[in-house]
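Peer 1: Dropping the structure in here first, questions after.
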Amino acid sequence: AGSNGLASSVAAASCSITATLGSVSGSTTLTVTAATLVSIQVAPTNPSIALGATKQFTATGLYSNGSNQDLTALVTWSSSTTAVATASNVAGSNGLATSVAAGSAIITAASGTVTGSTTLTVTAATLDSIQVAPTNPSIALGGTIQFSATGIYSNGSNQDLTALVTWSSST
């Protein structure tokens, strides 16, 4: 009651639907089609990374029946500007973008004619910390010691900053 005549699909196929009352019947053919891919969402949306860093992207397929599916390993990944960032299609690292230079690149996931994209911004590496060496030394009164300063950058690189930093003493 309340659902008489309601058909629920269970597989993509065609079948005959028949209504019978006594010795009289009527029928029609019901065709169930597979859900089609409507759009692809690429995440994260418009991220920014430092030069030398990588960013993992994911692709989620949205289908005509309202369902969604992770398509990260199934789509074809590309970058609009490979001089700024590349996008991997290698199994196990699908969707991994690697920065090449500062700038912006559109990262796209495609399955047939359906695509989704987002903009990746690559920024120049920033100075995260300075390491002073040697660490906690001691010298005799009247002696001298040479210190060095090494800059550690957001992309994991380092640079000798000894001649570029301003040196000071607390006493």
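Peer 1: Which residue is farthest from the chain's Cα centre (by Cα), if the candidates are limited to the range 141-165 and must be among the polar types (S, T, N, Q) and over 11 Å from I130 (Cβ atoms)?
Peer 2: T144
Here's the yes/no breakdown for (1) basic (K, R); (2) under 28 Å from S157 (Cβ atoms); (3) open to solvent by 40 Å² or more (accessible area, probe 1.4 Å); (4) outside any loop (DSSP other than H, G, I, E, B):
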| position | (1), (2), (3), (4) |
| --- | --- |
| A19 | no, no, yes, yes |
| S27 | no, no, yes, yes |
| L30 | no, no, yes, yes |
| V42 | no, no, no, yes |
| G52 | no, yes, yes, no |
| N65 | no, no, yes, no |
| T72 | no, no, no, no |
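Peer 1: Kindly evaluate A35 against the criterion of being modelled with pLDDT under 95 and in a loop (DSSP other than H, G, I, E, B).
Peer 2: So A35 passes the test.
Peer 1: Then there is this: Just to confirm my filter: which strands (runs of 3 or more DSSP E) fall fully inside the range 119-160 and include at least 3 residues that are open to solvent by less than 90 Å² (accessible area, probe 1.4 Å) and hydrophobic (A, V, I, L, M, F, W, C)?
Peer 2: Per the criteria, 127-133.
Peer 1: Taking interchain pairs and intrachain pairs at least six residues apart, which have beta carbon atoms under 8 angstrom, with the first residue in the range 26-42 and within 14 Å of Q69 (Cα to Cα) and the second assigned to a loop (DSSP other than H, G, I, E, B) and of a type in the set (V, I, T)?
Peer 2: Taking only residues 6 or more apart or on different chains, the pairs are I40/V75.
Peer 1: From the list S93, S88, S64, which one is closer than 30 Å to V38 by Cα and at pLDDT below 95? Quick ask: steps written out before the conclusion?
Peer 2: Working: S93 fails: at pLDDT below 95; S88 fails: at pLDDT below 95.
Only one candidate passes the filter, namely S64.
The values are calculated or read from the model by the stated rules, or taken from the named source; none is laboratory data. All values reported here derive from a predicted model rather than from experimental measurement. We place every Cβ from the backbone using ideal geometry, glycine too, and count neighbours over all the protein chains shown. Side chains included, ligands, DNA and RNA excluded: accessible areas come from the protein's heavy atoms. Shrake-Rupley method; radii C 1.70, N 1.55, O 1.52, S 1.80 Å.
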